[in-house]
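Asker: Submitted below is the structure of interest, expressed as structure tokens.
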Amino acid sequence: MRLPGVLGAATALAASAITLAAASPQWAWHLPAGISPPPVPADNAMTKARVVLGHRLFYDADLSINGTLSCATCHEQRHSFSDGVQAHPGAHGEPGLRNVPSLLNVAWATPLTWANPGLATLEQQAIVPIVGDDPVEMGMKGQEAELSRRLSANSCYRKLFKRAFPEEHGRINLGSVAQALAAFQRLIISFDSAWDRARAGGPPLVEEARRGETLFYGTAGCAFCHSGPNLSDYHLHQFAASNKDRGAISATHRPRTTAGSVHPRYATWR
Amino acid sequence: MIRTVVTIFFASAASLAALPAVAQDAMRHAHDSSSCASPGAMPPALAAWEGTRGSMTAVAKPGAIRSALLVLGKAYDVTLQPTPAVKYAVAPLKPGGSVSFGGLFAFDVAEPGAYRVPLSTHSWTDVIEDGQALQSVAHGHGPECTSLAKMVDYVLKSGRHILQIAANGDPTLSLMVVKLP
């Protein structure tokens with residue numbers, strides 16, 4: 001499968017690390033019964049230092065060309081780490097293309113995006129909004145050296161990168177940024193909502209929510225696609241054709257995975 | 001008592017939505033004037049936007065705010081400060097990166113009521129009253145096919161206020177503060 005441009009770079013970056021460990025053995029995942037730890041690439045073991053660094057980077061607009069967009073600009077916590085609009089424009093106002101997906105439990109998501117099922121890890125995916133050009137989001141294509149310069153100029157970042165990547169003397173580049181972001185995103189976990197607790201035998205949902213749940217799993221048919229503990233089957237489904245978004249066909253060149261494979265999704269609430 | 005906010009519906013049908021201040025960033029998505037064949041109509045309340053503008057430089061700290069006093073109803077072309085140099089009165093929700101620009105201005109409110117901050121960019125804005133960042137009561141795009149990109153409304157008490165600009169991609173922008181009818 002040919003992956004053009006930055007998507008190819010992202011794949012190459014993680015090509016040596018596609019072997020996934022079942023989990024980082026030294027990392028303590030605090031998960032409810034029945035939830036297994038997510039896969040973690042062998043070359044990006046979970047450490048507190050990488051999570052802390054990734055947390056800071058996630059909220060840093062210096063990852064965008066003009067300092068106006070951070071990951072958190074689109075992945076807003078109050079919107080379950082998604083967005084409140086149909087599509088978010090890029091750093092210079094470039095038109096957005098697709099709805100921002102929620103990052104809740106993204107560590108378990110596969111595929112990670114609707115556009116390219118070839119992006120197998122969060123490390124690969126994190127690079128796309130930073131340097132991608134279809135669509136342009138953070139606008140850093142060709143500016144990887146500038147990204148390194150900005151972060152290296154900050155003494156706090158130099159310390160954080162040294163703690164996170166001690167074997168590599170605090171390497172600061174797009175790759176280590178992506179690894180730290182991935183580590184942080186693996187801890188954006190939600191398995192303790194009112195719905196989760198009700199399913200586990202805890203307090204029942206309020207009446208209105210219970211009626212919604214009945215519809216969701218019944219006549220409304222939502223659960224046909226929105227199934228499983230993360231309310232998604234992670235499959236591409238055929239909806240009405242869209243004139244704007246070619247969906248996964250852009251990456252796979254397979255006509256069957258065509259435009260309009262997702263319906264508009266706004267804030268995702270858990 | 002908080003007066004009822006008057007929502008103005010412009011000829012361009014750019015209606016304002018009563019949403020929390022954190023949704024300011026969400027309005028970026030639909031304001032694309034690149035395909036406009038002719039300039040759009042500016043409502044009377046914002047007529048000064050297209051008139052002669054003053055110039056002003058934002059200050060980098062609250063203590064210097066008197067040097068950046070805006071006159072209500074007058075449009076300005078302002079110069080901002082590099083974000084690392086700015087000490088905000090209240091930390092913005094979207095502060096911008098080190099390569100972005102921001103700054104502080106002051107304006108005085110004589111009559112309590114609803115006020116609007118129109119801007120030429122989608123930078124993050126805060127109005128500080130009594131040391132607190134106010135929650136906006138409405139926000140929206142500017143009229144179609146104009147240089148007015150964003151508008152944020154606040155209900156204000158009388159007295160001096162601080163206008164904070166953050167996360168602007170360029171060192172300059174245009175802005176003003178107007179009282180809503």
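Asker: Assuming residue A:182 fulfils every condition listed in (1) buried (at least 23 other Cβ atoms within 10 Å of the Cβ); (2) small (Gly, Ala, Ser); (3) within 14 Å of another protein chain (Cβ to nearest Cβ) apart from one, which condition is it?
Answerer: Exception for residue A:182: condition (3).
Asker: Checking the conditions here, which among B:16, B:72 is away from every other protein chain (no Cβ under 13 Å) and either at pLDDT 90 or above or surrounded by fewer than 16 Cβ atoms within 10 Å (Cβ to Cβ) (or both)?
Answerer: Matching residue, one of B:16, B:72: B:72.
Asker: On the given criteria, is residue B:85 small (Gly, Ala, Ser), within 14 Å of chain A (Cβ to nearest Cβ), under 21 Å from residue A:70 (Cα atoms) and open to solvent by 50 Å² or more (accessible area, probe 1.4 Å)?
Answerer: yes
Asker: Taking residue A:87 as the residue in question, decide whether it is under 25 Å from residue A:171 (Cβ atoms) and within 14 Å of another protein chain (Cβ to nearest Cβ).
Answerer: No.
Asker: While we're here: Just give me the residues in region A:201-251 being open to solvent by 80 Å² or more (accessible area, probe 1.4 Å) and either farther than 26 Å from residue A:119 by Cβ or modelled with pLDDT of 85 or more (or both), in sequence order.
Answerer: The answer is A:203, A:204, A:206, A:207, A:208, A:210, A:211, A:214, A:215, A:217, A:219, A:224.
Asker: Moving on. For region B:153-166, which positions are open to solvent by 10 Å² or more (accessible area, probe 1.4 Å) and in a strand (DSSP E or B)?
Answerer: Passing the criteria: B:155, B:159, B:160, B:162.
Asker: Scan region B:126-152 residue by residue and report those that are of a type outside the set (A, V, I, L, M) and in a strand (DSSP E or B).
Answerer: B:126, B:129, B:132, B:139, B:140, B:141, B:150
Asker: Another question, if that's okay. Does any residue of region B:107-120 turn out to be within 14 Å of chain A (Cβ to nearest Cβ) and closer than 16 Å to residue B:175 by Cβ?
Answerer: Yes: one or more hits.
Asker: Another question, then. Which residues, taken from region A:95-110, are free of Cβ contacts under 8 Å to residues at least 60 places away in the same chain and crowded, with 20+ Cβ neighbours inside 10 Å?
Answerer: A:96, A:100
Asker: Open to solvent by 50 Å² or more (accessible area, probe 1.4 Å), part of a loop (DSSP other than H, G, I, E, B), in contact with a Gly (Cβ under 9 Å, 6 or more places away or on another chain) and within 11 Å of chain B (Cβ to nearest Cβ) - does that describe any residue in region A:59-70?
Answerer: Checked region A:59-70: no residue is open to solvent by 50 Å² or more (accessible area, probe 1.4 Å), part of a loop (DSSP other than H, G, I, E, B), in contact with a Gly (Cβ under 9 Å, 6 or more places away or on another chain) and within 11 Å of chain B (Cβ to nearest Cβ).
The values are calculated or read from the model by the stated rules, or taken from the named source; none is laboratory data. Note that the structure is a prediction, hence the values are computed from the model and not measured. No Cβ is skipped: glycine too gets one built from the backbone with ideal geometry, and neighbour counts run over all protein chains shown. We work out accessible area using only protein heavy atoms, side chains counted, and drop any ligands, DNA or RNA first. Shrake-Rupley method; radii C 1.70, N 1.55, O 1.52, S 1.80 Å.
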